[in-house]
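Colleague: Attaching a single structure in structure tokens format; questions to follow.
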Amino acid sequence: MTVSPLKIQKVFPDGSHEEKEILSLNEHRLAIIINGRQIFSLVCTDSNLMELLAGRLLTSGIIEKKDDIAEIRFCESKTRAFVTLKEEIIWKESQNLEASCCTKNIEYAKNADEVPLPVLKKATCPPEWIFSIAQEFSKDSIIHTHTAGTHRCILAVEGKILFSAEDIGRHNALDKAVGYMILNEIPAQKAILFTSGRVPVDMVEKVIRAGAGTLISKSVPTAQSAALAREHKLTLICRAWPDSYDLV
């Protein structure tokens, strides 16, 4: 269950208070076991777990395409995901916490044969596409409306929104959108990803690794993430609102 009722006391400046019941997000813990070895422990929402898993495999450099996956299955409680890849992976120890993540996502091992970040073919994203998506993004999303506790990521192609995901963490929301892209075999170069979160280096790395052509955020990049985007020819657009945006 993504949300649960929570009883609170709402306190006002004059000292008065009232009892209320609000909806609060549930933290869902997901262990990802790949070819018999646990590689990830994620804290997420329990929605779009298949997309989250596929996206995480791609943005972590474990797979390059959908056909690299032989099988995915979840346990009954959906707290463990078992992935069988068509090829064996040589692992190297990681014990990496996602540095800029707002959830405790842990990576226990990395693909030792991970290829370097690619240089993308520079994508064009006309202003009318950006403003159209930004206008839609400005409307509150379903879970955020009730909890004010989620990040969101939209996947669009040529200005048309194909998928929208929410999660406690912006990394997870991005992975869900990327997962939808790879599971539905949408050409990555045409993909436009629009995130609610700020854009540090690890977010830009995820998008470049996925091969997506354009990353848009309603928030801001760091100097380092902007430099990385330019180096790898990722079209990066930030502070995207219905009335203006920054082309980085």
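Colleague: Helix-only estimate, please: 222 nm mean residue ellipticity of the chain, summing -39500 (n - 2.57) across DSSP H runs of length 4 or more and dividing by its residues, to the nearest 500. The partial results should precede the final answer.
Modeller: Details: 6 runs with 61 residues, N = 248.
Using -39500 (n - 2.57) per qualifying helix, the result is -7500 deg cm²/dmol.
Colleague: Between Ser219 and residues 5 or more places away or on another chain, which pairs have amide H atoms under 5 Å apart, with H built 1.01 Å from N, and which residues are they?
Modeller: Amide H neighbours of Ser219: Arg239, Ala240.
Colleague: Can you give the relative contact order of the range 63-171 as a percent, counting alpha carbon pairs under 8 Å and 6+ residues apart?
Modeller: Numbers: 120 pairs, mean separation 18.2, N = 109.
Dividing the mean separation by the residue count of the range 63-171 yields 17 percent.
Colleague: Report the local net charge at Leu58: Lys and Arg +1, Asp and Glu -1, summed over other residues whose C-beta lies under 10 Å from its C-beta. Please list the in-between numbers first.
Modeller: Details: positive: Arg56, Lys65, Lys66, Lys206, Arg209; negative: Glu64, Asp68, Asp175.
So the environment of Leu58 carries a net charge of +2.
Colleague: For the range 4-89, which whole percent of the accessible surface, found with a 1.4 angstrom probe, sits on carbon and sulfur atoms? Let's see the in-between values first.
Modeller: Working: 2220 of 4900 Å².
Carbon-and-sulfur percentage of accessible area, whole number: 45.
Colleague: Starting from the Cα gyration tensor of the range 1-95, take the square roots of the eigenvalues, sort them a ≥ b ≥ c, and report rounded, prolate or oblate (rounded when a/c is under 1.5, otherwise prolate if a/b is larger than b/c, else oblate).
Modeller: Prolate is the answer for the range 1-95, as a/c is 1.5 or above and a/b outweighs b/c.
Colleague: Can you list the GluC sites (Glu not before Pro) in the range 151-248 that are in a DSSP coil and have 16 or fewer other beta carbons within 10 angstrom?
Modeller: Details: sites: Glu158, Glu166, Glu185, Glu205, Glu231; in loops: Glu158, Glu185.
For GluC sites (Glu not before Pro) across the range 151-248 that sit outside H, G, I, E and B with at most 16 neighbouring Cβ atoms in 10 Å, the list reads Glu158, Glu185.
Colleague: A further question on this structure: If you average the C-alpha positions of the range 38-56 and of the range 148-188 separately, how far apart do those two centres end up, in angstrom?
Modeller: 13 Å
Colleague: On to the next question. Points 7 angstrom from Cα along the Cβ direction at Ile22 and Ser41: gap in nanometres?
Modeller: Each label point lies 7 Å from its Cα, and together they span 2.9 nm.
Colleague: While we're here: Carbon and sulfur: what percent of the range 149-248's accessible surface (1.4 Å probe)?
Modeller: Numbers: 1760 of 3480 Å².
Carbon and sulfur atoms account for 50 percent of the accessible area of the range 149-248.
Colleague: GluC sites (Glu not before Pro), restricted to the range 62-96: which are DSSP loop and have at most 11 other Cβ atoms within 10 Å? List each step's numbers first, then the result.
Modeller: Details: sites: Glu64, Glu71, Glu76, Glu87, Glu88, Glu93; in loops: Glu64, Glu76, Glu87, Glu88.
Here the GluC sites (Glu not before Pro) that fit, given the DSSP loop and packing criteria, are Glu76, Glu87, Glu88.
Colleague: Given a 1.4 angstrom probe, what's the average accessible area per residue across the chain, in square angstrom?
Modeller: Using a 1.4 Å probe on heavy atoms only, each residue of the chain averages 50 Å².
Colleague: Could you pull out every residue, at least 5 positions away or on a different chain, whose amide H is within less than 5 Å of the one on Arg80? Hs are placed 1.01 Å off N in the peptide plane, and Pro or chain starts have none.
Modeller: Ala31, Cys75
Colleague: When a/c is below 1.5 the answer is rounded, else prolate if a/b is larger than b/c, else oblate, so apply that to the range 41-101 with a ≥ b ≥ c taken from the square roots of the Cα gyration tensor eigenvalues. The partial results should precede the final answer.
Modeller: Values: a/c = 1.59, a/b = 1.05, b/c = 1.52.
Oblate, because a/c is 1.5 or more while a/b does not exceed b/c.
Colleague: Let me have the relative contact order for the range 21-101, percent, based on Cα pairs under 8 Å that are six or more residues apart.
Modeller: Working: 93 pairs, mean separation 23.4, N = 81.
Result for the range 21-101 is 29 percent.
The values are calculated or read from the model by the stated rules, or taken from the named source; none is laboratory data. Computed from a prediction, not measured in an experiment: that's the story for all the values here. All Cβ positions, glycine included, derive from the backbone under ideal geometry; neighbour counts span all protein chains shown. We work out accessible area using only protein heavy atoms, side chains counted, and drop any ligands, DNA or RNA first. Shrake-Rupley method; radii C 1.70, N 1.55, O 1.52, S 1.80 Å.
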